[in-house]
Amino acid sequence: MNLLDTIRAVSIVPVVALPEPGHAVPLAKALVDGELPIAEVTFRTPAAAEGIRLMTRECPDMLVGAGTVLTTAQVDAAMDAGAAFIVAPGFDPVVVDYCLERSIPVMPGVCTASELTQAVLRELPAVKFFPAEAMGGLKTLKSLAAPFRPMDFMVTGGLSMDNMAPYLAWDRILAIGGSWMVKKQLLADRDFDRVRELAAEAVQAVRALRS
Ligand code: 3PG
């Protein structure tokens, strides 16, 4: 299965800010136990690269991407650590082209027609719509996407169990992403049991919605 099909099969991506590398493996195990073997580990904390390295080494069944990637140096650090894909909150042509030149899967963030144009001209198969809820949600995304060739979207920003259903009903949505099952406080408390429960709950809901 190719990368995008694998992401679509799960349809939900936990967006993680690791407080320290020591959280990486127990967190990955909790997600795998909750049947959610995927994570976007963001470069919002200095633990990202080492966390990705540990997750991919200790939990080979996990699909680990790097998020909030803002520079080409962070692309290098993420790929060196074993990341399977790169995600960014915005569209920086320098970072996107750097990835494309190296055949690194990249999903830049878009929330305007101008950014989407840049993605379409580069023939990207998927982009991230961020910050989804603040930008007007699914209604805005459908209007934005309408003039362009079919493209898949990962949607994040303000998503939760309460509002994910309409997004998942649209087949152009590759996956929704969110931090609610890996919240800062849960990680700070090392409450990995709760992470597993929230992940399992989310997976069950997504399966019901996408079956
Ligand atoms: C992201 O980087 O994708 C978002 O910050 C996740 O959004 P959330 O914290 O509102 O779920």
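Computed from the coordinates by the stated procedures, all read-outs in this text should not be read as laboratory data. Small disclaimer: the values here were computed from a predicted structure and weren't measured. All Cβ positions, even for glycine, are placed from backbone atoms using ideal geometry, and neighbour counts span all protein chains on display.
Points to keep in mind about this one:
- Rg(Cα)/(2.2 N^0.38 Å) for the chain, N = residue count: 0.95
- Spacing of the two label points (7 Å from each Cα toward its C-beta) at Asp76 and Leu3, in nm: 1.9 nm
- As a ratio to 2.2 N^0.38 Å, the alpha-carbon radius of gyration for the range 56-173 is 1.07.
- Placing R0 at 22 angstrom, the Cβ-Cβ distance between Ala169 and Gln204 gives a FRET efficiency of 0.85 after rounding to 0.05.
- Per-pair calculated FRET efficiency, R0 = 30 Å: Ser211 and Phe148 via Cβ, rounded to 0.05: 0.55
- The string of couplings for the range 163-176 from the Karplus curve (6.51, -1.76, 1.60, θ = phi - 60°) is 10, 7, 4, x, 5, 5, 6, 9, 6, 7, 8, 5, 6, 9 Hz, one whole number per residue in order, with x for Gly and Pro.
- Viscosity 1.306 mPa s, 10 °C: Kirkwood-radius Stokes-Einstein D of the range 122-211 over Cα pairs, µm²/s: 112 µm²/s
- Distances between every pair of Cα atoms in the range 171-211, grouped in 5 Å steps from 0 to the bin holding the largest one, split as 5, 21, 26, 20, 13, 9, 4, 1 percent.
- Translational diffusion of the range 58-97, µm² s⁻¹ [Kirkwood Rh, Cα pairs; Stokes-Einstein; 4 °C; 1.567 mPa s]: 123 µm²/s
- Directionally averaged shadow of the range 50-119, computed from the convex hull of its alpha-carbon atoms, nm²: 4.6 nm²
- Rounded Å value of the spacing that divides the Cα centres of the range 97-118 and the range 136-194: 18 Å
- Rg then Dmax, both in Å and based on the Cα atoms of the range 14-70: 9.8, 31.
- In Hz, Karplus ³J(HN,Hα) per residue of the range 182-198 (6.51, -1.76, 1.60; θ = phi - 60°; x = Gly, Pro): 9, 4, 3, 5, 4, 6, 4, 7, 6, 8, 6, 4, 5, 4, 4, 4, 5
- For the range 149-196, a Kirkwood hydrodynamic radius built from all Cα pairs, placed in the Stokes-Einstein relation at 25 °C and 0.890 mPa s, yields a translational diffusion coefficient of 202 µm²/s.
- Using alpha carbons only: equivalent-ellipsoid semi-axes of the range 1-100, gyration tensor based, whole Å: 21, 16, 11
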